[in-house]
Amino acid sequence: MIRLPSTVLSYIITGMRKENEQQRLWSILASDKQAADELNAVTGVSPVVAELLSQRGIQEPLAAVEFLRPTLLSLSSPFCFRDMEKAVQRLLAAKRQNDKILIYGDYDVDGVTSTALLYKVLIDLGFQASAYIPNRQEEGYGLHKDVVQKALDSGVRVLITVDCGVTAVQEVIFANESGIDVIITDHHESLGELPPALAILNPKLEPELPFREFAGVGVAYKLAQALIEVFNETWQLMHSALSLLDLVALGTIADVVPLVGENRIFVRAGLAQMEQTEHIGLEALLAECGLAGKRLKAGQIAFTAAPRINAAGRMDSARAGLELMLTGNPERARELAKYLTGENQRRQEIEKAILAEIEAQLEGSKARVIVLSAPHWHVGVIGIVASRIAERYYRPVFLMAEEGLEAKGSARGIAGYHVLENIDACQELFTKYGGHRQAAGFSLLTENIGTLRERLNEAAAALPEELFRETVSADLEVRLDMLDQQLYQELEMMAPFGFGNRAPCLAARALPVYHMRQIGKEGEHLKFGLGKSGEWEALAFRQGHRVEDFSQSSSIDAVFSIELNRYQNQERLQLVLRDLENEAQWRTEEAEGRMAAVQTGSREEIAAAQAADDGGGDDGEAAIIDWRGLTRAQWLAKANESGRRVLICTEERAAGFRVQTLAAFLGQEEQEGEAAAGEADGLGVVIGPALSWNRFQRQYHRLKELGCLQIALAEFNEVSASRLPELCAYVSREQLVEIYRELKALAGRQNPLLFSMTGETEETSRKSTAIKIFEELGIVQYVGGSARVWLHLAAQNKKLSLESSLRYRGAKKQYEEALVLADYFRQTAIEVLAKDIWLKLREVESGR
């Protein structure tokens, strides 16, 4: 029996190189060695994990710690949404007035979990609430006027949309005219004009939100969290919000939003909650999937549990999935779970038939964009089929189910092909559409399908040929002797894996082949023994047809992941091969956001070139100006007198650093994101302190990229005693003892205890960090809340080592190094400092 590790299911579904396909190009992401070395030194993670973090844009030690130790304490307040207060106040009024509330959802997993979550909260709080999910085939996506009319007829006074609504302008106008207040919770892009709703909670519309990539269920959870916090601030009620996190995790995973930031926190905590779920329906679903009692991973949920709920909405009605999430009857839950399995199997059979039909049509096709339709295709399945075809042929795919004069379709893209932009370019052909870069749904007149095919392929003809050649991208090249249990455990610290945070993909060249054979009922898989004595088991799923390619191989190149295979109470590491060749075609690509490498000479050549011209750089470097001894008023005056465009670079604890225009720095104008690039005559100002050479070189290069030919060092001489620890997120042992005593005193009166962390002050920041350290050490447990949090203080029966906390250990290391660097920047003469800066920067670049 072949047991498939859960996290490789996506590889199996996507498949590797099929028969008659051209060999894929393999790429290894280039690494920022300097950033990786700093992460390794400060946090103590292995060089492999440090490089993986750096490649993913996590280059600051504090950001790495937050990533590796995600905590619910890091979630932003739900009241960061600008309309949250209005939404909550209207709901509180509805409770007082006994107004009826309708929750209007969507038929996919995100919509079902959003609806279920909000319904559970409102019912538990004593509201009069009902829920409605439209039928995909009969009604389609979004808010519909006839449903609003039915809600009005039944006495509804508040309508809450979940996972939809941001494009429902006319429907909301109708609701307003009918006396229904609408609260929109959504995460999709708007089409420009916004509905005149009472409140709109949509992260896509709020650039100032700390995190904006929520699924619909994440936004619904924020509303539920805010309502609970305002409704009754008891720890029992606050704690009830945690029991909803398994629904948040399920919807977030299924909707394929990036598993970073707050989504990562939701899914990490939600999977743990799912293992002990309080929802009878979810418990039955997990049992039906064979996951009951197991440690859960995002991949298992994505490829076993989520498709069952989605199948109901695709094949008939999503209401069975909603009922499953809401039922309190175990027998009914098991019945519904089995029904969803049957619907999923039926969906798979229909999908298989459509897939075979399309593959026959594509025999010999050279089209760059696949555009196909048929009157008998199931509209609820063509989206999945489009994904399969895009994966198999590596082409953008537009599939449509013809329904008389109109056709409904789904589109899927490939890397470098923006689906929504290409639809926008043909917008006059569509009656309705919406989506994003990777996927879209749309409707059009059947007679326009041929024109659409022509227009899309004409546009694609102008795209480069290499865009349509698939690349297998690996994160890092390794050797077999680098792989062990400790590395596997560190890699698991980067979980949960999914979109935006894929499972680490490693590569190796010339792996010794000790033996190889076909396995599976029909020999459809290959099993290798790799290493000098075959000590590493490696599986290549669905590659049995390539057995002759490797029958005489003494070595192979491979792209793979490391998995833990559990079988008959035994655990063993194995490699799961994503692709393999006797000799691969390799290329190296730049990691996203990495600065271009520069030509380097010897230390003497660099020093001679850059010591010239009064501290200015003749070798393309920016001149270093000394404003270290000036007060802020003095250097601001000089900046204003310079007559140049001035950009200010400031250290920020969470973001690393921020570049602002002078006006934005002074609060005279609003600035979204970072300052834009300008003419190459600007003046940059770096405000001290410098926390590390790595961070300083990124600040320096960023200012150069934005057009600064001179860079001034300001406020490096006078760094307050509290500023450096705050930037490094360092809380001393003495401060931790003091905060623990405060917690213990509060717990003596009530445990769980209510602890306030309101306001953006150094003290609040210090207490927040301390609580996270205590949580990591098992001293406290988060119970609920945001600005005011409920914590349970655990009894301490043994002495704990602060050094066992990654958060404390990493911050302490960075603080100690920053102290040394601060002295260096403060005490060194500017001529020597400028030369050392340039030399150091070149050393950093040459070491990449």
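The values are calculated or read from the model by the stated rules, or taken from the named source; none is laboratory data. Since this is a predicted model, take the numbers as computed values, not measurements. Heads up, the Cβs are rebuilt from the backbone with ideal geometry, glycines too, and the neighbour counts pull from every protein chain shown. Ligands, DNA and RNA are excluded from the accessible area calculation, which covers all protein heavy atoms including side chains. Shrake-Rupley method; radii C 1.70, N 1.55, O 1.52, S 1.80 Å.
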Answer residue from region 707-748, given it is farther than 15 Å from residue 650 by Cβ and hydroxyl-bearing (Ser, Thr, Tyr) and is surrounded by the most Cβ atoms within 10 Å (Cβ to Cβ) among those: 730
Output the number of residues of region 307-334 satisfying the condition of being surrounded by fewer than 24 Cβ atoms within 10 Å (Cβ to Cβ) and of a type in the set (Gly, Ala, Ser). 3
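Just one of 119, 141 is open to solvent by 40 Å² or more (accessible area, probe 1.4 Å) and closer than 19 Å to residue 257 by Cβ; which is it?
When all the criteria are applied, what remains is 141.
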In region 245-267, which residues are open to solvent by 10 Å² or more (accessible area, probe 1.4 Å), over 20 Å from residue 57 (Cα atoms) and part of a helix (DSSP H, G or I)? 253, 254
Part of a helix (DSSP H, G or I), surrounded by fewer than 18 Cβ atoms within 10 Å (Cβ to Cβ), touching a Ser or Thr at 6+ places or on another chain (Cβ under 8 Å) and at pLDDT 95 or above: does that describe residue 170? no
If we keep only residues of region 607-658 that are modelled with pLDDT under 60, touching a helix residue (DSSP H, G or I) at 6+ places or on another chain (Cβ under 8 Å) and farther than 15 Å from residue 704 by Cα, then the residue least open to solvent (accessible area, probe 1.4 Å) is 610
Which listed residue, of 733, 723, is within 26 Å of residue 65 (Cα to Cα), among the basic types (Lys, Arg) and over 33 Å from the mean Cα position of the chain (by Cα): 733
Mind listing just one residue for me: the one in region 335-347 that is touching a residue at least 12 places away in the same chain (Cβ under 8 Å) and within 10 Å of residue 284 (Cβ to Cβ) and, of those, most open to solvent (accessible area, probe 1.4 Å)? 338
Run residue 194 past the list (1) farther than 29 Å from residue 77 by Cβ; (2) out of contact with any strand residue (DSSP E or B) (no Cβ under 6 Å at 6 or more places or on another chain); (3) free of Cβ contacts under 8 Å to residues at least 60 places away in the same chain and report the number of the one that doesn't hold. (1)
Residue under question is residue 406, and the condition is that it be among the acidic types (Asp, Glu) and in contact with a Ser or Thr (Cβ under 7 Å, 6 or more places away or on another chain); does it hold? yes
Would you mind telling me which numbered condition in (1) among the aliphatic types (A, V, I, L, M); (2) open to solvent by 10 Å² or more (accessible area, probe 1.4 Å); (3) within 31 Å of the chain's Cα centre (by Cα); (4) farther than 25 Å from residue 259 by Cα residue 88 fails? (2)
Test for residue 677: is it in a loop (DSSP other than H, G, I, E, B) and either buried (at least 19 other Cβ atoms within 10 Å of the Cβ) or modelled with pLDDT under 90 (or both): yes
Only one residue in 223, 159 is part of a helix (DSSP H, G or I) and either in contact (Cβ under 8 Å) with a residue 12 or more places away in the chain or among the β-branched types (Val, Ile, Thr) (or both), so which one is that? 223
Just a yes or no: is a residue in region 194-202 open to solvent by 50 Å² or more (accessible area, probe 1.4 Å), under 17 Å from the mean Cα position of the chain (by Cα), more than 16 Å from residue 118 (Cα to Cα) and not aromatic (Phe, Trp, Tyr)? no
Only one residue in 292, 311, 306, 318 is touching a Lys or Arg at 6+ places or on another chain (Cβ under 7 Å), more than 20 Å from residue 494 (Cβ to Cβ) and not basic (Lys, Arg), so which one is that? 311
Among helices (runs of 4 or more DSSP H) completely within region 313-404, the ones holding 1 or more residues that are modelled with pLDDT of 95 or more and closer than 30 Å to residue 245 by Cα are 319-326, 330-361
Answer yes or no as to whether residue 30 is buried (at least 17 other Cβ atoms within 10 Å of the Cβ) and of a type in the set (Gly, Ala, Ser). no
(1) open to solvent by less than 20 Å² (accessible area, probe 1.4 Å); (2) over 28 Å from the mean Cα position of the chain (by Cα): which one isn't true of residue 177, the others all being true? (1)
Residues of region 434-458 being under 14 Å from residue 368 (Cβ atoms) and open to solvent by 50 Å² or more (accessible area, probe 1.4 Å), in sequence order, are 453, 454, 455, 458
Which residues, taken from region 801-824, are open to solvent by less than 60 Å² (accessible area, probe 1.4 Å) and hydrophobic (A, V, I, L, M, F, W, C)? 802, 806, 811, 818, 821, 822
Can you find a residue in region 536-543 that is free of Cβ contacts under 8 Å to residues at least 24 places away in the same chain and either of a type outside the set (Val, Ile, Thr) or out of contact with any helix residue (DSSP H, G or I) (no Cβ under 6 Å at 6 or more places or on another chain) (or both)? no
Single condition residue 431 does not satisfy, out of (1) surrounded by 16 or more Cβ atoms within 10 Å (Cβ to Cβ); (2) part of a strand (DSSP E or B): (1)
All but one of (1) farther than 21 Å from residue 268 by Cβ; (2) open to solvent by 30 Å² or more (accessible area, probe 1.4 Å) hold for residue 66; which doesn't? (1)
Options 572, 578, 566: the member that is in contact with a Cys (Cβ under 9 Å, 6 or more places away or on another chain), closer than 30 Å to residue 300 by Cβ, open to solvent by 40 Å² or more (accessible area, probe 1.4 Å) and at pLDDT 50 or above: 578
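If we scan region 368-380, do we find a residue that is touching a His at 6+ places or on another chain (Cβ under 6 Å) and under 30 Å from residue 283 (Cβ atoms)?
no
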Among (1) of a type in the set (Asp, Glu); (2) more than 21 Å from residue 408 (Cα to Cα); (3) open to solvent by 30 Å² or more (accessible area, probe 1.4 Å), residue 108 falls short only on (2)
